[in-house]
Amino acid sequence: MKTVDLSVNWLLYGVFLLLCGSLFSLVSMLESRVVTLSVLCYALLVASIVPLTLSILNKRFVHIDRAGISYSLGLGTRYILSEDIKHIQRKSFSLLTVLQVELHSGEVKSFYSWTLSEAGFARAEQLLASK
């Protein structure tokens, strides 16, 4: 396979949606029914469902191949050429995996809410090294 596709971090989204649901329940139990908290709940829900829906529809993605990295946040595809990439780094925190791409210009691009195994990361490094 000549392309490494990052996959959606379903566990992260599941926990986030569970927290949103818990926050909704908490707001509904409050007697004063604070409008600010309700607006915050809806904003968090939209902020999690929109990217998740775009990912399911393949409008939001990250692909790594020999040419570089192609990614979309939902509104168009962008490219980072392999010649521009200094190195890539994978950082894992409890539920969050972050792929960081450092460019020769010093700029760092970070990709959150995606999962990438160690084997997939090693394969991505190999692909980018074979410029």
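The values are calculated or read from the model by the stated rules, or taken from the named source; none is laboratory data. This one's a predicted model, so the numbers in the text were calculated from it and none came from an experiment. Please note: Cβ atoms are built from the backbone with ideal geometry, for glycine as well, and neighbour counts cover all protein chains shown.
Here GLY68 passes the criteria (1) among the small types (Gly, Ala, Ser); (2) under 21 Å from TYR112 (Cα atoms); (3) assigned by TED's automatic domain parsing to the domain that holds TRP114; (4) without any contact (Cβ under 8 Å) to a residue 40 or more places away in the chain except the one numbered (4). Within the range 108-122, the set of residues being under 16 Å from LYS2 (Cβ atoms) and surrounded by fewer than 11 Cβ atoms within 10 Å (Cβ to Cβ) comprises ALA119 only. Counting only residues that are at pLDDT 85 or above and among the acidic types (Asp, Glu), the range 1-48 holds 1 of them. Within the range 84-116, how many residues are over 14 Å from the mean Cα position of the chain (by Cα) and either in a loop (DSSP other than H, G, I, E, B) or at positive phi (or both)? Within the range 84-116, residues that are over 14 Å from the mean Cα position of the chain (by Cα) and either in a loop (DSSP other than H, G, I, E, B) or at positive phi (or both) number 5.
Just one of the listed residues (VAL50, VAL15, VAL46, VAL27) is outside the structural domain of SER72 (by TED's automatic domain parsing), loosely packed, with under 12 Cβ neighbours inside 10 Å and in a helix (DSSP H, G or I), and it is VAL46. Count of the range 30-43 residues, restricted to those that are crowded, with 16+ Cβ neighbours inside 10 Å and on the phi > 0 side of the Ramachandran plot, is 0. Taking the range 117-126, which residues are part of a helix (DSSP H, G or I) and of a type outside the set (Lys, Arg)? Correct list: GLU118, ALA119, GLY120, PHE121, ALA122, ALA124, GLU125, GLN126.
Return the only residue of SER82, SER105 being hydroxyl-bearing (Ser, Thr, Tyr), exposed (fewer than 15 other Cβ atoms within 10 Å of the Cβ) and either modelled with pLDDT under 90 or more than 25 Å from LEU18 (Cβ to Cβ) (or both). The match here is SER105.
Within the set ILE64, ILE56, the sole residue that is β-branched (Val, Ile, Thr) and in contact with a Leu (Cβ under 8 Å, 6 or more places away or on another chain) turns out to be ILE64.
Being aliphatic (A, V, I, L, M), in contact with a Phe, Trp or Tyr (Cβ under 8 Å, 6 or more places away or on another chain), touching a residue at least 24 places away in the same chain (Cβ under 8 Å) and closer than 22 Å to VAL15 by Cβ, is that true of even one residue in the range 98-115? Please lay out each step first, then the result.
We begin by selecting, within the range 98-115, every residue aliphatic (A, V, I, L, M); these are 98-99, 101, 103, 108.
Checking the rest, the ones that are also in contact with a Phe, Trp or Tyr (Cβ under 8 Å, 6 or more places away or on another chain) come to 98-99, 101.
Next cut, touching a residue at least 24 places away in the same chain (Cβ under 8 Å) only: 99, 101.
Those still in the list that are closer than 22 Å to VAL15 by Cβ too: 99.
Yes, some residue in the range 98-115 is aliphatic (A, V, I, L, M), in contact with a Phe, Trp or Tyr (Cβ under 8 Å, 6 or more places away or on another chain), touching a residue at least 24 places away in the same chain (Cβ under 8 Å) and closer than 22 Å to VAL15 by Cβ.
Looking across the range 62-89, the residues that are in contact with a Gly (Cβ under 9 Å, 6 or more places away or on another chain) and not aliphatic (A, V, I, L, M) come down to TYR79, SER82, GLU83, ASP84, LYS86.
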